[in-house]
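A.B. asks: Dumping the structure here so I can ask a few things about it.
The values are calculated or read from the model by the stated rules, or taken from the named source; none is laboratory data. Since we're looking at a predicted model, the values are computed, not measured. Note that each Cβ is placed from the backbone with ideal geometry, even for glycine, and that neighbours are counted across all protein chains shown. Ligands, DNA and RNA are excluded from the accessible area calculation, which covers all protein heavy atoms including side chains. Shrake-Rupley method; radii C 1.70, N 1.55, O 1.52, S 1.80 Å.
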Amino acid sequence: METMTPTSSHSPIHSIAVAAHPGLPEALAECPRICAYLEEHGLRVIGSSLYDEKLRSRVQAGEFDVLLALGGDGTMLRAAHLCAPLGIPVMGINLGHFGFLMQVQREDWTSAVDRMLLGEYWLENRMMLHVDHYRGDALLKSWDNVLNEVVVSRGEMVRPVRFSASVDGYLLTTYVADALIAATATGSTAYALAAGGPIMPPELRNILIVPVAPHLSMDRAIILSEGVTVSINVYTNYQAVVSVDGQAPLPMLNGDRVQVSCSGHTVRFIRFQDPGYFYRNLTAHMEQNPTRDLKS
């Protein structure tokens, strides 16, 4: 992990993409103000919805040095998916409700931008997952930049599913459960935490396995090392689905397999507080109720 260093240790910032969550009026309203402020400082700027194809194509073309994500944790996830393959740092400005992944609040963005332009920040590198969905020997879909977790679960039918989990080809255990989560350290504070999993420091590069509502099965979370490959097999005569980072679920059939390993991509978050921020902020976040009308 990099620590806070003088300006000379960071590449100069000349261009910035400002991406707002389209469902948050606060984010859309703040976007032009932030763009105008950056332009006053002589930077090349584009500001739009995070889902705007023009913005996304220009980011993917490598035109920008930094992306500012305006929204909540969901916005940070989608920004990470976009930026991680290119190594573009992401700075989040919390305009959502929870903002566990954010450090900059709405009222602080001008000072944060000033510090960023002066190089008074450090880059927090967070591990991502590579996920493959197989049916027999056929690869149906791959995801190469999963920041939180992959969830294999029952579908609409309220019936548990049988799972087997293997590590590097060796059977680990079997489950009868509503779902099985394979998460990163970042994802340990998301769905995995709600399912009773441990909280892991964000710099760890481990894969966390957590069952959801296991029935007469192992009910403990398991932390695995970075280099392993986890295979989750599904056995059901009913419905099962797979979802990554909260995206729309895809159907799974009896015998389908989800294979999980460490991705070659790493997301880089711009941070201003010292690395101990995670522990100081943990209690404050745990006392919030994220089940309000969330749009992130």
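A.B. asks: Is it fair to say Ile222 is touching a helix residue (DSSP H, G or I) at 6+ places or on another chain (Cβ under 6 Å) and modelled with pLDDT of 95 or more?
C.D. replies: Here the answer is no, as Ile222 does not meet what is asked.
A.B. asks: Something else now. Select from the range 272-296 the residues that are at pLDDT 65 or above and part of a loop (DSSP other than H, G, I, E, B) and write down the one among them that is surrounded by the fewest Cβ atoms within 10 Å (Cβ to Cβ).
C.D. replies: Ranking the candidates gives Gly276 first.
A.B. asks: Go through the range 94-133 and give me each residue that's open to solvent by less than 30 Å² (accessible area, probe 1.4 Å) and basic (Lys, Arg).
C.D. replies: Hit for the range 94-133 is Arg126, nothing else.
A.B. asks: Limited to the range 231-260, what total is found for residues that are in contact with an Asp or Glu (Cβ under 7 Å, 6 or more places away or on another chain) and at pLDDT below 95?
C.D. replies: Counting residues in the range 231-260 that are in contact with an Asp or Glu (Cβ under 7 Å, 6 or more places away or on another chain) and at pLDDT below 95 gives 1.
A.B. asks: Restricting to the range 35-60, give me the number of residues that are over 24 Å from the mean Cα position of the chain (by Cα) and not in a loop (DSSP other than H, G, I, E, B).
C.D. replies: 8
A.B. asks: Could you check, for the range 134-145, whether at least one of its residues is surrounded by 21 or more Cβ atoms within 10 Å (Cβ to Cβ) and either among the aliphatic types (A, V, I, L, M) or touching an Asp or Glu at 6+ places or on another chain (Cβ under 7 Å) (or both)?
C.D. replies: no
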